[in-house]
1. Return the whole-Å distance between the Cα centroid of the stretch 226-243 and the Cα centroid of the stretch 102-168.
2. With a 1.4 Å probe and every protein chain kept in, tell me what percent of the accessible surface of the stretch 1-294 is carbon plus sulfur.
3. Grab the beta carbon distance between E114 and R184, set R0 = 30 Å, and tell me the FRET efficiency rounded to 0.05.
4. With each pseudo-label sitting 7 Å past Cα toward Cβ, what's the S33-K163 distance in nm, one decimal?
5. Using a Gaussian network for the chain with springs between C-alpha atoms less than 10 Å apart, which of these wobbles most: R159, R279, R46?
6. In whole Hz and in residue order, list the ³J(HN,Hα) couplings for the stretch 126-132 that follow from phi through the Karplus curve 6.51 cos²θ - 1.76 cosθ + 1.60, θ = phi - 60°; x for Gly and Pro.
7. Hey, which aspartates and glutamates would be in cross-link range of K201, C-alpha to C-alpha under 19 Å, not counting anything within fewer than 8 residues on its own chain?
8. Calculate I(q)/I(0) for the stretch 22-65 by the Debye formula, one identical point scatterer on each C-alpha and no solvent, and give its log10 at q = 0.15, 0.24 Å⁻¹ to two decimals.
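The values are calculated or read from the model by the stated rules, or taken from the named source; none is laboratory data. Only a predicted model underlies this, so the values are computations on that prediction, with no experimental measurement involved. Don't worry about glycine lacking a Cβ; one is built from the backbone with ideal geometry, like all the others, and counts go over all protein chains shown. Note: accessible area is taken over every heavy atom of the protein model, side chains too, but ligands, DNA and RNA are not part of it. Shrake-Rupley method; radii C 1.70, N 1.55, O 1.52, S 1.80 Å.
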Amino acid sequence: MIQAALETGLRQTMTRLVRPLLHPAVPVKLQRSLVSKAYLTSIPPRGTRFEDFEAEDLAITKVCHSENPSGVVLYFHGGGYIIGSPRTHRGISGHLARASGTMVIVPDYRLAPENPYPAALDDAETVYLALLDEGHPPASLSLAGDSAGGGLAIALAMRLRDKGLPLPSSLMVMSPWTDLSNARLYSAEYEPVLQRPWIDKAARLYCGSEPASNPYISPVYGDLSGLPPLLIQVGSQEILLNDARRLADAASQSCVDNRLEIYNSLWHVFQVHAGQLSRATRALETAGQFIRQHLST
């Protein structure tokens, strides 16, 4: 009963406080500031250690919970490619670090409109290759991300494959944004977080002069063959539900080992409420188990 009441309260909070911020009329710089404050309610587990540093001309946050982390998760934060940072995702990255027992690396990749495609993808590749250069075997690496960051993780894996570079051991994405044309959005009866006009604007700002059908922008239009095992988590109350379903379908058609988990009556990237909402905590525990299952260190 307590969890049901908490779920209702969190849903109302997202609807009343977060959703209005994600409106195309709100300037991007103001959205970045306001959303960063909203994310203060997403709290990492006690004992999580954060280290901020710079590498490859990028600000990066290293997140650890275990005293002896095994393996590395390269995590890409969401925010429609226009907002968000490692700081906004301290809660989710901390819980993922605890659940997976790994070191989680969260790069502050460049955002649009200042830096449209392919800036984010270039930064993602740069950090991944830096991890390889540091001596981390590909089998000890995993890619993960939420929303736009989930799409970015898939796009990075596709680019690495196309370049003949070593692939990570697994891919784990939450509420991934995989079609920036927004052509087949899910008609949710109740969507507590996202608005169609906002994601349309974010897509325009990120795509720039590139068509949204570019597979490195919208992975559902690409060939997923040869990619690592894939876990997809999504809520039933979000307009990106079809993005997750289509990604799973495309992975299956390309013979990629994949699992789609749909969480009934939950919203976009509900995992930010891990530590408060039990279903969010369990979802990240499942993600951690999936990552550990495929790591080889």
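1. Between the Cα centre of the stretch 226-243 and that of the stretch 102-168, the gap is 18 Å.
2. Details: 5980 of 11630 Å².
The nonpolar share, carbon plus sulfur, comes to 51 percent.
3. On the way: r = 29 Å, r/R0 = 0.97.
Approximately 0.55, to the nearest 0.05.
4. 3.7
5. Checking each option, the largest mean-square fluctuation is seen for R46.
6. 4, 5, 4, 5, 5, 5, 5
7. Partners found: E114, D146, D179, E191, E210, E238, D243.
8. Values returned for q = 0.15, 0.24 Å⁻¹ are -0.61, -0.91.
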